[in-house]
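Presented below is the structure to which this report refers.
The values are calculated or read from the model by the stated rules, or taken from the named source; none is laboratory data. As the structure is a computational prediction, the values presented were derived from the model and not from experiment. Cβ: placed from backbone, ideal geometry, glycine included. Neighbour counts: every protein chain shown. Accessible surface areas use protein heavy atoms only, side chains included; no ligands, DNA or RNA. Shrake-Rupley method; radii C 1.70, N 1.55, O 1.52, S 1.80 Å.
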Amino acid sequence: MVDVIDTKRNGGELTTEQIEFFINGYTKGDIPDYQVSALLMAIYLKGMTKQETATMTMTMLHSGDQLDLSEIPGVKVDKHSTGGVGDKTSIPLAPLVASVGIPVPMISGRGLGHTGGTLDKLEAIPGLKVEISEASFKQQLRDVGCAIVGATGNIAPADKKIYALRDVTDTVDSIPLIAGSIMSKKIASGTDALVLDVKTGSGAFMKTEADSVALAKELVGIGKSVGMNAMAVISDMNQPLGNAIGNALEIEESIALLKGNGPADLLDLVLTIGSQMVVMANKATDLDAARKMLQQHIDDGSALTKFKEMIIAQGGDGRVIENPTMMPQATYQMPILAARDGVITKMKADEMGIAAMMLGGGRQKKDDQLDYAVGLTLSKKVGDEVHQGDTILTIHSNREDVSDVQQLIEANISIGDEAQPLTLIHEVID
């Protein structure tokens, strides 16, 4: 293992044998954390070639089970986001795409730090279970057409161990390590086609557009190398997505979107990604036709009906669709008011996510308990005009004293004389 560390520390290229040695040895417990930590930092600093990244991905993939969905008819299409603040896209997207007859098998994750997790948000729905058996997952795909669950069986255990180490060694935002982590799980999950939503900006792992494009190309390249139809959308995360940040609040916003009342930016992203999924599944010949099809399924209520079916299939109370207040509700709602007339020029996504985490809506450590009720709802976004005393956002809290959260928010929202709304979709990589 010292030789492997030495090779990468000095900028060399690891052989297939070296990569398999360290991943398989660490998964079995033969190699200690401190040596793998040293190697991860060397990879973070020196990078990896495309061949190294592909080999690492496939070795992590083969460290555990692979899901075979070939018995499910149709082109199975999935979507993955690199994570952001207010990013509840998967929740309305899966039932919307499934409502046009496309199987959507989504294996999602939990949140840590300022980024929220799709599974955590879904668990705000009374009774809903995200940990289900492989057999139940397949049956739900047949019966309902979509499922959003945690990893079934023993998928990519090497990635699970390595990711936990990356999190505590500050090596998370490495392009080859992110690419290997995402794609080992996605290839193992048995999907035929994949749309990747790669975030860019203050609330994303990749802060610059150049790094986001590089990551997107790496992800798409790995997918195509194993015969998966893959493409990526680069989307903005310089401010939160949608208007809600927090678990129950984001479910409520997802329901509103499927009722035709969602925020414009979230709807745009859902329709942009969804249109790509519809074309990949051969349900439409072009993106315009696909977008119109999806909008029609929102307008006629079929997407909302599909979401209710998914909730019930996973043990949740379907009445939440008609009555979102069945989910936990915060005791206190406290507005943040504009101090002057002007235009919102900045609303840093990462700091808004940290504010929600401080209220109890996110985890600072893996075993932290979540408060599903708390979070923020935005009344204004970048480019919006405000007058002194207008509500910019509302804090939803179960503690009365939120001065620490208020200070953080106020330090990271700016009002100036002019600003343009942020561009949501930066680029499409295929």
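Just to be sure I understand, how many residues within the stretch 294-307 are surrounded by 19 or more Cβ atoms within 10 Å (Cβ to Cβ) and either over 12 Å from S99 (Cα atoms) or out of contact with any His (no Cβ under 7 Å at 6 or more places or on another chain) (or both)?
Total meeting the criteria: 6.
Considering each residue of the stretch 329-347, count those that are closer than 23 Å to R399 by Cβ and charged (D, E, K, R), and give that number.
0
Tell me the residue from V36, V75, V2 that is aliphatic (A, V, I, L, M) and either under 28 Å from N282 (Cα atoms) or touching an Asp or Glu at 6+ places or on another chain (Cβ under 8 Å) (or both), please.
V75
Could you please let me know if L370 is in contact with a Leu (Cβ under 7 Å, 6 or more places away or on another chain) and not in a helix (DSSP H, G or I)?
Numbers: in contact with a Leu (Cβ under 7 Å, 6 or more places away or on another chain): no; not in a helix (DSSP H, G or I): yes.
When the stated conditions are applied, L370 does not pass them.
Return the pair list, or none, for Cβ contacts closer than 6 Å from residues in the stretch 212-240 that are free of Cβ contacts under 8 Å to residues at least 12 places away in the same chain to residues that are surrounded by 23 or more Cβ atoms within 10 Å (Cβ to Cβ) and of a type outside the set (S, T, Y), at least 6 apart or on different chains.
Pairs that qualify, where the first residue is free of Cβ contacts under 8 Å to residues at least 12 places away in the same chain and the partner is surrounded by 23 or more Cβ atoms within 10 Å (Cβ to Cβ) and of a type outside the set (S, T, Y), are K224/A230.
Looking at (1) under 18 Å from the mean Cα position of the chain (by Cα); (2) open to solvent by less than 20 Å² (accessible area, probe 1.4 Å); (3) of a type in the set (V, I, T), can you tell me which one I187 breaks?
(2)
State which residue pairs qualify: first residue without any contact (Cβ under 8 Å) to a residue 24 or more places away in the chain and over 21 Å from V320 (Cβ atoms) and inside the stretch 288-306, second residue polar (S, T, N, Q) and open to solvent by less than 30 Å² (accessible area, probe 1.4 Å) in any location, beta carbons under 7 Å apart, and separation of 6 or more residues or different chains.
A290/S275; R291/S275
Checking T82 against (1) among the β-branched types (V, I, T); (2) within 28 Å of T191 (Cβ to Cβ); (3) modelled with pLDDT of 95 or more: exactly one of these is not met. Which one?
Tallying (1) among the β-branched types (V, I, T); (2) within 28 Å of T191 (Cβ to Cβ); (3) modelled with pLDDT of 95 or more, T82 fails exactly one: (3).
Does M231 satisfy the condition of being assigned to a helix (DSSP H, G or I), in contact with a strand residue (DSSP E or B) (Cβ under 9 Å, 6 or more places away or on another chain) and at pLDDT 95 or above?
So M231 does not fit the description; no.
Name the residues in the stretch 373-385 that are open to solvent by 60 Å² or more (accessible area, probe 1.4 Å) and not in a loop (DSSP other than H, G, I, E, B), would you?
E385
So, K185, is that one within 22 Å of V77 (Cβ to Cβ) and in contact with a Ser or Thr (Cβ under 6 Å, 6 or more places away or on another chain) or not?
The answer is no for K185.
Within the stretch 322-332, is there a residue that is under 26 Å from A419 (Cβ atoms) and in contact (Cβ under 8 Å) with a residue 24 or more places away in the chain?
no
Yes/no per residue for (1) of a type in the set (D, E, K, R); (2) surrounded by fewer than 22 Cβ atoms within 10 Å (Cβ to Cβ):
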position: G101; (1), (2): no, yes
position: G109; (1), (2): no, yes
position: G116; (1), (2): no, no
position: G127; (1), (2): no, yes
position: E131; (1), (2): yes, yes
position: A135; (1), (2): no, yes
position: K138; (1), (2): yes, yes
position: A147; (1), (2): no, no
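Can you pull out every residue in the stretch 324-362 that is assigned to a loop (DSSP other than H, G, I, E, B) and under 19 Å from the mean Cα position of the chain (by Cα)?
K348, G362
Just wondering, is there one or more residues in the stretch 205-222 that are buried (at least 22 other Cβ atoms within 10 Å of the Cβ), modelled with pLDDT of 90 or more and more than 18 Å from the chain's Cα centre (by Cα)?
Yes, the stretch 205-222 contains at least one residue that is buried (at least 22 other Cβ atoms within 10 Å of the Cβ), modelled with pLDDT of 90 or more and more than 18 Å from the chain's Cα centre (by Cα).
Which residue is most open to solvent (accessible area, probe 1.4 Å), if the candidates are limited to the stretch 274-290 and must be assigned to a helix (DSSP H, G or I) and touching a helix residue (DSSP H, G or I) at 6+ places or on another chain (Cβ under 6 Å)? Write out each step before concluding.
Within the stretch 274-290, the first condition is being assigned to a helix (DSSP H, G or I), and the residues that meet it are 274-280, 287-290.
Then keep just the ones that are touching a helix residue (DSSP H, G or I) at 6+ places or on another chain (Cβ under 6 Å); that gives 274-275, 277-279, 287, 290.
Values: G274: 0, S275: 4, M277: 0, V278: 0, V279: 45, L287: 76, A290: 0 Å².
In this case the residue turns out to be L287.
Conditions tested, residue by residue: (1) modelled with pLDDT of 95 or more; (2) open to solvent by 80 Å² or more (accessible area, probe 1.4 Å); (3) over 19 Å from S202 (Cα atoms).
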residue: E322; (1), (2), (3): yes, yes, yes
residue: I344; (1), (2), (3): yes, no, no
residue: K348; (1), (2), (3): yes, no, no
residue: G361; (1), (2), (3): no, no, yes
residue: D390; (1), (2), (3): yes, no, yes
residue: S403; (1), (2), (3): yes, no, yes
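Among the listed residues V85, V75, V36, identify the single one that is part of a loop (DSSP other than H, G, I, E, B) and open to solvent by less than 10 Å² (accessible area, probe 1.4 Å).
Matching residue, one of V85, V75, V36: V85.
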